[in-house]
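Scroll down for the structure; my scribbles are underneath it.
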Amino acid sequence: MKTLKSIMLGLALLVIGTAAKATDKIEGDNLTKNYAINTYIDAMTRGKIQGFSEVVDQSAKFNMLRGTKVLSFSKTEVVDLLKANKNTEQDCVTSTSIVESNNDLAVVKVDMKYSTFTRSNYVTVTNTGSGWKITNVYSVFK
């Protein structure tokens with residue numbers, strides 16, 4: 001009986017420890033290129049905004065070419081828009097390709113293909129001192 005209690009206590013501590021670790025805030029070394037890009041895709045295509053604010057640098061710029069007009073948005077404007085449309089899933093197929101990547105910077109093309117058009121997002125992630133963060137997004141429609 002004592003052994004069973006010890007095993008149950010050990011399992012309970014393992015479950016609690018795992019759950020506590022899962023709620024840790026993503027910082028520094030945990031902010032990888034892949035994490036930043038995947039978080040961006042989740043926010044834009046699935047409305048999953050958890051972690052989005054942390055992977056976008058405070059000075060990030062979001063530009064969108066619509067015809068001949070360039071629209072520019074700040075991080076705050078994009079985060080507010082995503083919060084207003086939280087959990088809204090886009091009806092598109094998403095694909096990614098690496099345009100350029102090195103130890104300090106990566107440019108990733110994220111295509112969102114809808115039935116009548118494609119939105120191509122050129123996402124720049126930069127190795128800031130506190131992990132990889134999105135510093136620029138330029139979107140074009142085809």
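The values are calculated or read from the model by the stated rules, or taken from the named source; none is laboratory data. As the structure is a computational prediction, the values presented were derived from the model and not from experiment. Positions of Cβ are backbone-derived with ideal geometry, glycine not excepted, and every protein chain shown enters the neighbour counts. Heads up: the accessible areas ignore ligands, DNA and RNA and are worked out on the full protein's heavy atoms, side chains in. Shrake-Rupley method; radii C 1.70, N 1.55, O 1.52, S 1.80 Å.
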message: Just the residues that are within 17 Å of residue 43 (Cβ to Cβ) and touching a residue at least 40 places away in the same chain (Cβ under 8 Å), please, taken from the range 98-130.
response: 108, 110, 112, 121, 123, 125
- request: Identify all residues within the range 52-103 that are open to solvent by 100 Å² or more (accessible area, probe 1.4 Å) and among the β-branched types (Val, Ile, Thr); write none if there are none.
  value: 68, 93, 98
field: Single residue of the range 123-142 satisfying the filter (aromatic (Phe, Trp, Tyr) and in contact with a Lys or Arg (Cβ under 6 Å, 6 or more places away or on another chain)) that is modelled with the lowest pLDDT
entry: 141
task: Note down all Cβ pairs under 7 Å where the first residue falls in the range 65-85 and is in contact (Cβ under 8 Å) with a residue 60 or more places away in the chain and closer than 13 Å to residue 139 by Cβ, the second is open to solvent by 50 Å² or more (accessible area, probe 1.4 Å) and not in a helix (DSSP H, G or I), and they're at least six residues apart or on different chains.
output: 66/141
- prompt: For residue 63, which of the numbered conditions (1) modelled with pLDDT of 95 or more; (2) in contact with an Asp or Glu (Cβ under 9 Å, 6 or more places away or on another chain) fails to hold?
  reply: (2)
